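The values are calculated or read from the model by the stated rules, or taken from the named source; none is laboratory data. Since this is a predicted model, take the numbers as computed values, not measurements. Virtual Cβ from ideal backbone geometry, glycine too; neighbours counted across all protein chains shown.
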Amino acid sequence: MQTPLFPQLITALTQGARVPSSRFRVTQHVGYLRLRGLAINHLPARFGAYPPTGLARRAAWFPAAMIDAAQRALATRSSSLCLLQRELVSTLRTAEPLIRCPMVFDVDDAIYLHRRGAQSDAIARQARLVICGNRVLAEHYADMAPVAVLPTAVDTVRFAPAATDIRSPPVIGWSGSSSGFAYLEWLQPALKWMLERHAELRLVVMAERAPSLPQLPQERVQFVPWSEDAEVSVLQTFNVGIMPLMDDPWSRGKCSFKMLTYMACGIPVVVSPVGMNADVLAMGELGYGPRSQDEWVDAIEALLSDAGLARRMGQVGRLVALEHFSCDVIAPRLAELLIGAAA
């Protein structure tokens, strides 16, 4: 595929260079988009789109973030299209009206549930197209603008099964940001039962900070600080990948990316059957969708006690990730959506 002589300039405004939604919904596709004639000018939030902790730090951050948002919005004026990833400043509509070129609004969480969620709705009404990470989000925005469902893509070249089986002793694994620790805390009774039943079993948690799980024996809980270099190799040590959620509006808006990374690495999953998780579970026998603590115990026990079952489910999950959620599948769909919006 040859690069067109006169590529269209698309300015991507994201919430930060290393923010997961920016990495996995925008920047990992830049190379492919360039091949399709879409030159991406990535302008991440220089000070971050999320307020820091502490009143003094917030007081200094807010005016800097507002000025940066205005400068980035004005920088889109020579572009064919603006790809806005969530809001310029989280939970607020700030400089978005300064975006004068056609705009695509990309959403991968139920941000409309925030206390100022109506402001994200106003941004959506400004957009030529709203790209949603799942059908739940698309249903919300359908009355405000044209919508398209585009899952978050997994780089199935990076996120792949380990070359050799290094999963000994057995590991129940969870990976994500600390904002999801509440779900792990809810699951402590089931995890405690499993750790007591299996003397060698460990729980591995990879995040930006350590969780507090007081009901669990601390010597059996291993915290691994997240890093881009380690994120795949740590997943490859999991025997079972878990993703507990509450069945509430916020959880139903999640895009199952944690689950998809487990699957891409050939790991059988045990996940709450909520929102997109339930949709992915229906694509094949790739894991279990328990609801109660007892069902969680039974599901994890089934996978730990039957290596053949775990292997087969991991293989199915890998195939589903390749066929439906890989960059090779998602990037062309993103290109077509952007080309259509810019036309």
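Quick grid of which residues meet (1) under 24 Å from the mean Cα position of the chain (by Cα); (2) outside the structural domain of residue 293 (by TED's automatic domain parsing); (3) under 18 Å from residue 317 (Cβ atoms):
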site	(1), (2), (3)
139	yes, yes, no
145	yes, yes, no
175	yes, no, yes
180	yes, no, no
189	no, no, no
196	no, no, no
201	no, no, no
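Applying the set (1) buried (at least 20 other Cβ atoms within 10 Å of the Cβ); (2) outside the structural domain of residue 120 (by TED's automatic domain parsing) to residue 160 leaves exactly one unmet item: (1). Suppose the filter is under 26 Å from residue 258 (Cα atoms), surrounded by fewer than 20 Cβ atoms within 10 Å (Cβ to Cβ) and under 26 Å from the mean Cα position of the chain (by Cα); does residue 51 pass it? Criteria met by residue 51. Kindly indicate the residue of region 227-241 that is surrounded by fewer than 19 Cβ atoms within 10 Å (Cβ to Cβ) and of a type outside the set (Gly, Ala, Ser) and also nearest to residue 286 (Cα to Cα) among those meeting that condition. So the residue we want is 232.
When the helices (runs of 4 or more DSSP H) confined to region 243-288 are screened for residues that are within 24 Å of residue 171 (Cα to Cα) and not small (Gly, Ala, Ser), those reaching at least 2 such residues are found at 257-264, 276-281.
Here residue 47 fulfils each of the conditions (1) more than 26 Å from residue 337 (Cα to Cα); (2) touching a residue at least 40 places away in the same chain (Cβ under 8 Å) apart from (2). Of all residues in region 189-216, which are assigned to a helix (DSSP H, G or I), surrounded by fewer than 17 Cβ atoms within 10 Å (Cβ to Cβ) and either in contact with a Cys (Cβ under 8 Å, 6 or more places away or on another chain) or without any contact (Cβ under 8 Å) to a residue 60 or more places away in the chain (or both)? Passing the criteria: only 196.
Table: residues versus (1) in the same structural domain as residue 253 (by TED's automatic domain parsing); (2) within 21 Å of residue 203 (Cβ to Cβ); (3) out of contact with any Phe, Trp or Tyr (no Cβ under 8 Å at 6 or more places or on another chain); (4) modelled with pLDDT of 95 or more.
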{"position": "266", "(1), (2), (3), (4)": "yes, yes, yes, yes"}
{"position": "269", "(1), (2), (3), (4)": "yes, yes, no, yes"}
{"position": "275", "(1), (2), (3), (4)": "yes, no, yes, yes"}
{"position": "278", "(1), (2), (3), (4)": "yes, no, yes, yes"}
{"position": "283", "(1), (2), (3), (4)": "yes, no, yes, yes"}
{"position": "294", "(1), (2), (3), (4)": "yes, yes, yes, yes"}
{"position": "299", "(1), (2), (3), (4)": "yes, yes, no, yes"}
{"position": "306", "(1), (2), (3), (4)": "yes, yes, yes, yes"}
{"position": "310", "(1), (2), (3), (4)": "yes, yes, yes, yes"}
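Is it true that residue 328 is at pLDDT 95 or above, out of contact with any Gly (no Cβ under 6 Å at 6 or more places or on another chain), closer than 30 Å to residue 34 by Cα and assigned to a helix (DSSP H, G or I)? Here the answer is yes, as residue 328 does meet what is asked. The set of residues in region 115-155 that are crowded, with 17+ Cβ neighbours inside 10 Å and β-branched (Val, Ile, Thr) comprises 123, 130, 131, 136, 147, 152, 154.
One residue stands out among those in region 88-114 that are closer than 11 Å to residue 124 by Cβ and among the β-branched types (Val, Ile, Thr): the one that is surrounded by the fewest Cβ atoms within 10 Å (Cβ to Cβ), which is 111. Can you find a residue that is surrounded by fewer than 20 Cβ atoms within 10 Å (Cβ to Cβ), without any contact (Cβ under 8 Å) to a residue 60 or more places away in the chain and closer than 26 Å to residue 149 by Cβ anywhere in region 292-312? No, region 292-312 contains no residue that is surrounded by fewer than 20 Cβ atoms within 10 Å (Cβ to Cβ), without any contact (Cβ under 8 Å) to a residue 60 or more places away in the chain and closer than 26 Å to residue 149 by Cβ.
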